[in-house]
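The values are calculated or read from the model by the stated rules, or taken from the named source; none is laboratory data. Computed from a prediction, not measured in an experiment: that's the story for all the values here. Cβ placement follows ideal geometry from the backbone for every residue including glycine, while neighbour counts extend to all protein chains displayed.
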Amino acid sequence: MNDLTKLAEEIINYQKKHDMTDASVAFGTHLSVEKIHNIKINKYNPTEDDVRRISNFMRDNK
């Protein structure tokens with residue numbers, strides 16, 4: 001996981017901890033599954049809104 005961004009690592013760790021798929025995170029954040037997946041593999045640079053949605057989702061659903 002050396003090449004992952006901090007956000008990608010946070011998403012992956014959150015998913016492992018809560019046994020969640022990309023689809024589950026996408027549903028909770030109202031972002032596309034493709035966007036979540038691409039953030040995790042560093043193929044998409046998330047907007048400030050994307051980061052806010054993901055961070056809020058992970059914070060509010062511990």
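Data for the structure
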{"quantity": "Set Ile12, Ile39: member being in contact with a Pro (Cβ under 9 Å, 6 or more places away or on another chain), touching a residue at least 24 places away in the same chain (Cβ under 8 Å) and not polar (S, T, N, Q)", "calculated": "Ile39"}
{"quantity": "Test for Val33: is it touching a residue at least 12 places away in the same chain (Cβ under 8 Å), at negative phi and among the hydrophobic types (A, V, I, L, M, F, W, C)", "calculated": "no"}
{"quantity": "Residue selected from segment 22-61 under the condition among the basic types (Lys, Arg) and either buried (at least 16 other Cβ atoms within 10 Å of the Cβ) or touching a Lys or Arg at 6+ places or on another chain (Cβ under 9 Å) (or both), by the criterion farthest from Thr5 (Cα to Cα)", "calculated": "Arg53"}
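Okay, residues lined up against (1) within 10 Å of the chain's Cα centre (by Cα); (2) at pLDDT 95 or above:
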| residue | (1), (2) |
| --- | --- |
| Lys6 | no, no |
| Tyr14 | yes, yes |
| Lys17 | no, yes |
| His30 | no, yes |
| His37 | yes, yes |
| Asn45 | no, no |
| Arg52 | no, yes |
| Asn61 | no, no |
